[in-house]
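Q: Okay, handing you the structure first.
The values are calculated or read from the model by the stated rules, or taken from the named source; none is laboratory data. Keep in mind that this is a model prediction, so the values were computed, not measured. Here Cβ is always computed from backbone atoms with ideal geometry, including for glycine, and neighbour counts include all displayed protein chains. For the accessible areas, the whole protein counts, side chains as well, though only heavy atoms, and no ligand, DNA or RNA atoms are used. Shrake-Rupley method; radii C 1.70, N 1.55, O 1.52, S 1.80 Å.
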Amino acid sequence: MDSSELPKTGFLAHASQNLSDLLNSVATEVDLSEGEVLFEQGDTGDALYAIVSGSLEFSIISREGRKLSLDVMRPGALFGEIALFDPGTRTATVTALEPCRVRGVKNADILAAIRKSPELGIDLIQLAGERLRWMSSQLNEQVFLPMPARLARKILYLTIDGSDDLGLLNLSQAELAEFVGATREAVSKTLSLWKRAGVIDATRGGVRVIDRNALQIMADLHHI
């Protein structure tokens, strides 16, 4: 993708022209290699980021030192908006899952732009609202849903808008376990059952969705 072009996907698909102009004018581009960390949980944050290309993993470390993967974001997604409303420490670690390009806009530049064009604030309020709804949904799933339902929902979510092969998820069983807060053994057992049922095809390096409708039924069940 050309460095001057922003993707028309994710949040940016329905963002205002003012936000696109801001990301095109004062943003700083950052290229990340696979496995490179953009920022870590606890780092001081003062910028909003947009993903131009590639995919990024968002994770946290629990008090017990256990990694918990929260999300994977792709081109068109925006993140880091908390630093705009309340500059302080980052709440998650962001790691490139593949070569990535992001654009960062400093807190001061965005506030200056909002003073000139107050309607730009509508984008940021909408972004914060979407993030809040997502966080509430994740909390409800973690508390109320059994692990197989959480796993099914996570696989469906992560294969909505990935690469050209939308049914392929290049995450290991250990990585999937981090996403659903379970052991690798529990995830492996569940995937084996689904593989025998013809719902997925699982290997050591990833999962391919074969029957998305069947997996959706798994995700909607409270007891699997």
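Q: Expressed as a whole percent, how much of the Cα-Cα distance distribution for the stretch 10-142 exceeds 25 Å?
A: Pairs farther apart than 25 Å: 23 percent.
Q: For the chain, what is the mean residue ellipticity at 222 nm derived from helices alone (per DSSP H run of n ≥ 4: -39500 (n - 2.57); sum divided by total residues; nearest 500 deg cm²/dmol)?
A: Details: 8 runs with 90 residues, N = 224.
So the helix-based figure for the chain works out to -12000 deg cm²/dmol.
Q: For the chain, which span is the longest to avoid every loop-located (per DSSP) member of trypsin sites (Lys or Arg not before Pro) having at most 14 other Cβ atoms inside 10 Å?
A: Values: sites that count: Lys8, Arg63, Arg66, Arg204.
So the longest stretch without any such site is 67-203.
Q: Give, as ranges by residue number, the residues of the stretch 89-114 whose backbone N falls under 17 Å from the point 7 Å along Cα→Cβ of Asp46.
A: In the stretch 89-114, the label zone of Asp46 (backbone N under 17 Å from the point 7 Å along Cα→Cβ) covers 89-91, 104-113.
Q: Keeping all protein chains in place, calculate the accessible area per residue for the stretch 2-75 (probe 1.4 angstrom), answer in Å².
A: Result: 51 Å² of accessible area for each residue.
Q: Among 139-145, 68-74, how do they line up from the highest to the lowest mean number of other beta-carbon atoms within 10 Å?
A: 68-74, 139-145
Q: Under 5 Å between amide H atoms, partner at least 5 residues away or on a different chain: which partners does Leu70 have, H built in plane at 1.01 Å?
A: Under 5 Å from the amide H of Leu70 lie the amide H atoms of Phe58, Ser59, Ile60, each far enough along the sequence or on another chain.
Q: Using the Cα centre of the chain as the reference point, and only Cβ charges (+1 on K/R, -1 on D/E), how large is the resulting charge dipole? Debye, rounded to the nearest 20.
A: Details: 23 positive and 30 negative charges, 164 e Å.
That gives a dipole near 780 debye.
Q: Excluding Pro146 itself, calculate the net charge of residues whose Cβ lies under 15 Å from the Cβ of Pro146, where each Lys or Arg counts +1 and each Asp or Glu counts -1.
A: Within the 15 Å Cβ shell, the charges total +2.
Q: Send over a whole-number figure in Å² for the accessible area per residue of the stretch 91-145, probe 1.4 Å. Numbers along the way, then the final one.
A: On the way: 3140 Å² over 55 residues.
I get 57 Å² per residue for the stretch 91-145.
Q: For the chain, what % of the accessible area comes from carbon and sulfur atoms, probe 1.4 Å?
A: So the carbon and sulfur contribution to the accessible surface is 53 percent.
Q: Sticking with this structure for a sec: Which of Ser136, Leu221, Gly206 sits closest to the plus end of the dipole of the chain, meaning its Cα is farthest towards the positive end, when Lys and Arg get +1 and Asp and Glu get -1 on the C-beta?
A: Positive-end residue among those listed: Leu221.
Q: Note the listed values (i) -0.52; (ii) -0.59; (iii) -0.64, then indicate which one is log10 I(q)/I(0) by the Debye sum over Cα atoms at q = 0.11 Å⁻¹ calculated from this particular structure.
A: Label (ii) holds the value from this structure.
Q: Per-residue HN-Hα couplings for the stretch 124-129, Karplus 6.51 cos²θ - 1.76 cosθ + 1.60 at θ = phi - 60°, whole Hz, x for Gly and Pro?
A: 6, 5, 5, 4, 5, x
Q: Moving on to the next point. Compute the long axis of helix 107-116 from its Cα atoms, compare it with the longest principal axis of the Cα atoms of the chain, and write down the angle in degrees, 0 to 90, nearest 10.
A: Helix 107-116 sits at roughly 60 degrees to that axis.
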